[in-house]
Amino acid sequence: MGAQWKHAGRIENSNKRGALISKLVKEITVATKAGDPHPENNARLRVAIETAKKHSVPRDTIDRAIKKGAGLLNEAQYESVFYEGFAPHRVPVVVECLTDNKNRTAAEIRVLFRKGHLESIGSVTWMFDRLGIIEATFAKPGMDIEEAAIEAGAQNVESLEAENISEGQTGARFYCEPTDLDKVTKSLSQLGWSVSQSEIGFMAKNKVALNDAQLAEVTEFLNAIDDDEDVHRVYAGI
């Protein structure tokens with residue numbers, strides 16, 4: 001399933017444009033807050049802006065999100081908050097939320113974890129590696145992703161699932177050291193890859209083996225979490 005649960009395709013499959021724009025704007029705000037407010041120096045922000053433009057988010061809305069992230073507006077800031085726990089069948093899960101109300105989000109997460117186990121900070125993250133994660137596509141099938149990884153300076157690479165890329169493309173998820181994220185992202189773009197995600201995230205060190213019935217149960221659990229308005233990313237060890 002890759003490092004991140006249901007990331008690829010979630011934007012394209014969204015049925016609620018208001019919720020879609022909200023998530024895109026939050027990502028721009030937090031990407032600005034976490035790094036340089038100038039996109040040429042901030043890979044995560046650069047990709048967030050490009051994704052927002054592809055989905056027709058107005059320029060004024062993008063500019064306002066950047067100003068908010070840079071602390072130039074007198075508004076409540078979004079914060080990244082992480083929760084850790086286990087899905088059914090002891091599948092480790094890390095949830096990243098973007099929120100302007102931690103109490104509200106914490107209450108919602110507790111409810112969502114009723115069929116699993118919500119754990120204390122540090123109880124689960126040791127089961128994951130913290131890495132730079134870049135998802136990209138190339139407008140040509142059958143590209144050598146290993147060669148692309150070497151040229152771009154990535155440490156590792158894996159193919160994206162076929163359902164997450166368009167026909168006639170090559171899709172890959174590249175991994176690198178967090179400090180190399182901007183460099184590898186720029187290198188991939190220069191090599192002709194179209195980057196759809198560039199950020200620091202989690203990848204499970206080991207995956208839990210599940211049968212079909214167990215996988216269906218875990219999938220339902222993770223989908224419910226992923227659909228919450230404050231949830232930004234869900235990482236699972238499957």
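The values are calculated or read from the model by the stated rules, or taken from the named source; none is laboratory data. Remember, predicted model here, so these are calculated numbers, not experimental data. With ideal geometry, Cβ positions are generated from the backbone for all residues, glycine too; neighbour counts draw on all protein chains shown. Accessible surface areas use protein heavy atoms only, side chains included; no ligands, DNA or RNA. Shrake-Rupley method; radii C 1.70, N 1.55, O 1.52, S 1.80 Å.
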Restricting the range 166-202 to residues that are closer than 25 Å to VAL94 by Cα and aliphatic (A, V, I, L, M), the residue that is most open to solvent (accessible area, probe 1.4 Å): ILE200
The lone exception for ALA106 - which of (1) assigned to a helix (DSSP H, G or I); (2) open to solvent by 50 Å² or more (accessible area, probe 1.4 Å); (3) of a type outside the set (Val, Ile, Thr); (4) modelled with pLDDT of 90 or more it fails: (2)
Residue count for the range 38-51, restricted to those that are in contact with a helix residue (DSSP H, G or I) (Cβ under 6 Å, 6 or more places away or on another chain) and modelled with pLDDT of 85 or more: 5
Residue within the range 202-210 that is in contact with a helix residue (DSSP H, G or I) (Cβ under 9 Å, 6 or more places away or on another chain), small (Gly, Ala, Ser) and within 25 Å of LEU24 (Cβ to Cβ) present: no
Residue list for the range 127-143, restricted to those being over 19 Å from the mean Cα position of the chain (by Cα) and either in a helix (DSSP H, G or I) or not small (Gly, Ala, Ser) (or both): PHE138, LYS140, PRO141, MET143
Lone unmet requirement of (1) surrounded by 13 or more Cβ atoms within 10 Å (Cβ to Cβ); (2) assigned to a loop (DSSP other than H, G, I, E, B); (3) not small (Gly, Ala, Ser) for ARG114: (1)
Filter pass, ARG46 being out of contact with any strand residue (DSSP E or B) (no Cβ under 6 Å at 6 or more places or on another chain), of a type in the set (Lys, Arg) and either without any contact (Cβ under 8 Å) to a residue 60 or more places away in the chain or under 30 Å from LEU215 (Cβ atoms) (or both): no
